[in-house]
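As structure tokens, the structure follows; a few thoughts come after it.
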Amino acid sequence: MKQGIGRYKLVFISVLLMMLFSSPGYADCQIIAPQAQTLQQPLDISLGLNDIQFKCRLAEARVLSFPLDALQKPSVYTGQDVIITPLASARAAYLLPEGVYQFTLTAESDHISKVSMSLRDLGTFQRDNNLHILTISAFGGFCIALCIYVGILGRSLRNAGFYAYSGYILSAGFFFVLQEGILRIVFPAVHWLHSHQIKAIFAGATVYTALRFITLLLDLRLILKRWEYQIILYSGIVVLGLGVIAALPIAPLHAIANQLMGLVTLIGMVAVTLATAYALLRKIHGAGWVLIALLVLLSAMVFRVYLPDVNEFLHRYALIVAVTVEALLLAIAASERVKRLQSDKMQAYLAASSDPLCPVLNRRGWEESAQKMMTRHSKEGGVLLLLFIDLDDFKQINDTYGHRVGDQALVILAKILNSQSRAQDIVGRLGGDEFVVMSHCHSRNVAERVKQRIAKRLEDLSIKIDEQHIPLSASVGAQIIDTPHSDLSLLLHAADMLMYEQKHAAVSL
């Protein structure tokens, strides 16, 4: 019986020892200075040089890593026969060997902040690090491609808003690439690339160009009161200035500039969001897409700044995902805006170039289109057909039936010319009862067929207006041009003379 009890005691002690040696306290690292705490707690970083002491008891090798947005030029001192190996990573990373030991991490900081550190096995760290590099590299490539595309589009359209959008995308891309330490893998010894100062400049540029683009896209200057517009504009300028100030080698200004940047950025974002909501109420085209983009970005900023401990993924990537989504939504809003502007421009052009009575071009619109066709003829060859058309005895129609019937006769003639011409031909009314048609044909035979079809259709017409059958005819002066010409007035004059010759010949018969 005693032997059985002794056996149970031995098993109990063995299990207890196994639990003891496998507990987190024996398979973990803890911070013992400047204050005792676990790695799960964010570490307070002070301005200047920081000495952080660790005590580790590891059963297997682990990787200690932390971001370099606050700590710079980190180095490790063990004071023992322990080898701690730095790893190539977007973050500061060190391979800690198994065993029981202490070491000190020394790093500089140019502002007061908090740093979250993590301890993981090598396989998990490499997987997460590779995924991080791939994600941020894809984001950077996306920003560069979008910046180039929108920049080219803005140059072709001569729209300053697209330049602001390109600046926003480029600034945001550089900021996050620097923030997430991608360049540290390529340039590990270039410490200024990882400094807080250069990130502050790009952060300020990102905010300024974003606000500038939205104000231009939605024409906020036209729909807001002056002081409302100035809040948005000057908040962007102030954030950009604070970013430059934070980059100056004056230590006391860093903390002040950083705090003010966050506050002014929030003011600017809230102001532009409210202005966008107002633009949506005013039914400004594209305001809905912009408002969704801003709400997505504001939500990400809340997770990044005010709720860092809710979710590690959201804290790390929410702002990057939000900027990507925002860039796409703003691109959609910009494209919709461009379509609307192009549509308005086309409608204005059509209104200015269309004849007020007949469904053809007016003199100005026809001459502009004819000049373009002549230029194309000079480059591509072929032949040009120019028809000058004049109604016979149009004054008699007006005198007999009235001007309203005369106008309807002109409309019917214009419809006949449209139906007998090809889709690529240009039909216009020079004024009164004078019409013109220009056609770019591949050969003289094609031009002759177009000419004959229109001339034959205009012989001995009988049109019906108000139950009245009105006889109608037209004289056509035709020119087929083989060699390139640049003087449209000379061609029109020659076709006009040919038309009058035909008219006189018909009268003499």
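Observations on the model:
- Within the accessible surface of the chain, defined with a 1.4 Å probe on protein heavy atoms only, the carbon and sulfur portion equals 62 percent.
- Principal-axis tilt of helix 122-157 within the chain, Cα atoms, nearest 10 degrees: 20
- Only helices enter this figure: runs of n ≥ 4 DSSP H residues, each worth -39500 (n - 2.57), summed and divided by the residues of the chain, yield -20000 deg cm²/dmol at 222 nm to the nearest 500.
- Cysteine residues of the chain whose C-beta has no other cysteine C-beta under 4.7 angstrom: 143, 147, 358, 441.
- Residues 212, 184, ordered by accessible area of protein heavy atoms at a 1.4 angstrom probe radius and largest first, appear as 212, 184.
- Reachable lysines from residue 225, criterion Cα separation under 23 angstrom, eight or more residues apart if same chain: 283
- Cα centroid separation, region 221-260 to region 390-457: 64 Å.
- Average projection, convex hull of the Cα set of region 70-209: 9.9 square nanometres.
- Spin-label model distance (nm) - residue 112 vs residue 452, 7 Å beyond Cα toward Cβ: 9.5
- C-alpha long axis of helix 251-281 to longest principal axis of the chain, angle in °: 40
- Identified option (computed Cα extents along the principal axes in Å; candidates (1) 143, 55, 49; (2) 86, 50, 44; (3) 71, 47, 45): (1)
- Region 447-509: Cα Rg divided by the 2.2 N^0.38 Å rule of thumb: 1.40
- Taking the C-alpha atoms only, the angle from helix 488-508 to the longest principal axis of the chain is near 30 degrees.
- Whole-number accessible area per residue in Å² for region 400-504, which is evaluated in the context of all protein chains at 1.4 Å: 52
- Separation of the alpha carbons by more than 19 angstrom is noted, of 73/114; 395/451; 114/199; 415/464; 415/456; 372/503, for 395/451; 372/503.
- Neighbourhood net charge (12 Å Cβ-Cβ; Lys/Arg +1, Asp/Glu -1) for residue 168: 0
- Rolling a 1.4 Å probe over the heavy atoms of the protein chains gives region 61-214 an accessible area of 45 Å² per residue.
- Scattering curve values for region 371-509, log₁₀ I(q)/I(0), Debye with Cα scatterers, q = 0.11, 0.16, 0.19 Å⁻¹: -0.41, -0.83, -1.10
- Accessible-area ranking of 256, 465, 231, largest first, probe 1.4 Å: 256, 231, 465
The values are calculated or read from the model by the stated rules, or taken from the named source; none is laboratory data. Note that the coordinates shown come from a computational prediction; the quantities given were computed from them, not determined experimentally. Reconstructed Cβ throughout: ideal geometry from the backbone, glycine too, with neighbour counts over all protein chains shown. Please note that ligands, DNA and RNA were not included when accessible areas were found on the heavy atoms of the full protein model with its side chains. Shrake-Rupley method; radii C 1.70, N 1.55, O 1.52, S 1.80 Å.
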